1. Would you please name the chymotrypsin sites (Phe, Trp or Tyr not before Pro) within segment 1-46 that are DSSP coil residues with at most 15 other C-beta atoms within 10 Å of their C-beta?
2. Please list, by residue number, everything in segment 86-106 whose backbone N is under 12 Å from a paramagnetic label point 7 Å out along Cα→Cβ of THR132.
3. Exactly which chymotrypsin sites (Phe, Trp or Tyr not before Pro) in segment 62-169 are in a DSSP loop and have at most 15 other Cβ atoms within 10 Å?
4. What length, rounded to one decimal in nm, is gained on full extension from THR55 through to LYS149, with 0.36 nm per residue of separation minus their alpha-carbon distance?
5. Let's see if you can work this out: charge +1 on each Lys and Arg Cβ, -1 on each Asp and Glu Cβ, no other charges. What is the dipole magnitude of the chain about its Cα centre, in debye to the nearest 20?
6. Under a 1.4 Å probe, what is the accessible area of segment 22-181 per residue, stated in Å²?
7. Taking the Cα centroid of segment 85-108 and of segment 1-77, what is the distance between the two, rounded to the nearest whole Å?
8. Using 1/(1 + (r/R0)^6) with R0 = 30 angstrom and r between the beta carbons of LYS9 and LYS69, what's the FRET efficiency to the nearest 0.05?
Amino acid sequence: TVCGYVSKKTTVYSPKTIKLSKTELTYNGKAQKPSVTVKDSKGNTLKKDTDYTVTYASGCKNPGKYTVKITFKGKYSGTKTLSFTIAPSKVTLSKVTAGKNLATPVWKTVTGASGYEVQYSTSKKLTNAKKTTVSKGSSTKTTIKKLTKGKTYYIKVRAFKTVDGKKIYGAWSAVKSVKVK
């Protein structure tokens, strides 16, 4: 700075894209931590533990929303927080029993579920399907009333986890049919 002589000049490109390998995962009983990729404005990949560190929220196992904090170091500074979700696993619809103008689907509970959504329709493809919500994660069945006698209904179920007022849905179960009495 005194004499104005520059012995070496290095250009440091700023981090431009920071991505998680996956932002939506499905519960599998194990802790899940998607990998992080950071690229600079020139398209070069930065090195984990040399240019940045990654800190995951605790848990990362049960259905819910989790954060990943990327802290830059060395030639870089600053932090970035990304998030990912773990959805409940697929529901197993065990059986559907028919009653007088009603049907009762029975399923196996799913770990970490806040509740279940049941869709039903007289169409095999469940077009114009109606839905009912069961808001207890420990529930294993519900009764769908006011159905038409003699009609065949097709039913499927999925679990959800409520996080910050938003629902994270799992995959739909296989469709089962029942003829209403």
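1. TYR5, TYR13
2. 97-106
3. Sparse-neighbourhood loop chymotrypsin sites (Phe, Trp or Tyr not before Pro): none present.
4. 28.1 nm
5. 900 debye
6. Counting only protein heavy atoms, the per-residue value for segment 22-181 is 58 Å².
7. Value for the Cα centre distance between the two parts: 42 Å.
8. For LYS9 and LYS69, the calculated efficiency is 0.40.
The values are calculated or read from the model by the stated rules, or taken from the named source; none is laboratory data. Keep in mind it's a predicted model, so treat the numbers as computed, not measured. Because the Cβ atoms are built from the backbone with ideal geometry, glycine has one as well, and the counts that use them run over all protein chains shown. For accessibility, only protein heavy atoms count, side chains too; no ligands or nucleic acids. Shrake-Rupley method; radii C 1.70, N 1.55, O 1.52, S 1.80 Å.
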